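First comes the structure, then the notes that go with it.
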Amino acid sequence: MGRTDDTPPPVRPEVEVRVSTRRKKTAAAHWEGDRIVVVVPSHLRGPARDDMVDRLTHRMARGRPHLHTSDTQLAERAAMLADRYLEGVRPSSIRWSTNQTSRWGSCTPATREIRISERLRPTPDWVLDSVVVHELAHLIEPGHTERFRDLERRYPRLDDAERYLEGYSLGLRLRDDAP
């Protein structure tokens, strides 16, 4: 799914440009970790090279829209979702978490802190949004009560996101168990 007008723009990832004497006509780009590497022909210089790098970088970044979002952008996204679905409820903080490997997110209602698993960075917007709405709903209703489920169901793609996360979770487990 593409970005909507109220989707925060992705942060531009680090870009490395490599010059190749073997490439004659085309340029190519690929991910190396969190960085985009663009390989251009050695004869391509100046504005033509800059334009090629910009186009390829934009194309690559579109495929991983959440990989490079900051905690600030996550907070902006949560505020937009809270205003749309949950009467503007706000956490005291929301940020990405690197130590959540068995949950997609967590909410501590007493401190109003929300943590979102880094494993969700490469997922589509609507999947991340469903997890954020789920955690925001805990600020209104701490338990998984019927009232909580009603709040959570305000997000229209909840069922789709749950199915996506079931498959994604299976894929992550298989990858983590690989020798």
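The table for this structure:
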| read-out | value |
| --- | --- |
| Any hit, the range 139-154, residues being assigned by TED's automatic domain parsing to the domain that holds A82 and within 18 Å of D71 (Cα to Cα) | no |
| Boolean, A48 is among the aliphatic types (A, V, I, L, M), outside the structural domain of L172 (by TED's automatic domain parsing) and free of Cβ contacts under 8 Å to residues at least 12 places away in the same chain | yes |
| Residue under evaluation R95, criteria (1) out of contact with any Ser or Thr (no Cβ under 8 Å at 6 or more places or on another chain); (2) modelled with pLDDT under 90; (3) not in a loop (DSSP other than H, G, I, E, B), criterion not met | (2) |
| Residues of the range 106-133 satisfying the condition of being in contact (Cβ under 8 Å) with a residue 40 or more places away in the chain and touching a strand residue (DSSP E or B) at 6+ places or on another chain (Cβ under 9 Å) | I116, L120, R121, L128, V132 |
| Filter pass, L136 being touching a Pro at 6+ places or on another chain (Cβ under 8 Å) and closer than 14 Å to R77 by Cβ | yes |
| Helices (runs of 4 or more DSSP H) wholly inside the range 103-179 that include at least 3 residues being aliphatic (A, V, I, L, M), surrounded by 13 or more Cβ atoms within 10 Å (Cβ to Cβ) and at pLDDT 90 or above | 125-140, 158-177 |
| G88, sole failed condition from (1) exposed (fewer than 13 other Cβ atoms within 10 Å of the Cβ); (2) of a type outside the set (S, T, Y); (3) not assigned by TED's automatic domain parsing to the domain that holds E166 | (3) |
| Filter result for R18 (closer than 20 Å to I116 by Cβ and either modelled with pLDDT of 85 or more or part of a strand (DSSP E or B) (or both)) | no |
| Members of the range 54-63 that are within 11 Å of I36 (Cα to Cα) and either modelled with pLDDT under 70 or loosely packed, with under 13 Cβ neighbours inside 10 Å (or both) | R59 |
| Number of the condition not met by G2 [criteria: (1) exposed (fewer than 11 other Cβ atoms within 10 Å of the Cβ); (2) in contact with an Asp or Glu (Cβ under 9 Å, 6 or more places away or on another chain); (3) at pLDDT 85 or above] | (3) |
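The values are calculated or read from the model by the stated rules, or taken from the named source; none is laboratory data. Just so it is clear, the structure is predicted and the values come from calculations on it, not from any experiment. A quick note on method: Cβ atoms are made from the backbone with ideal geometry, for glycine too, and the neighbour counts reach across all protein chains shown.
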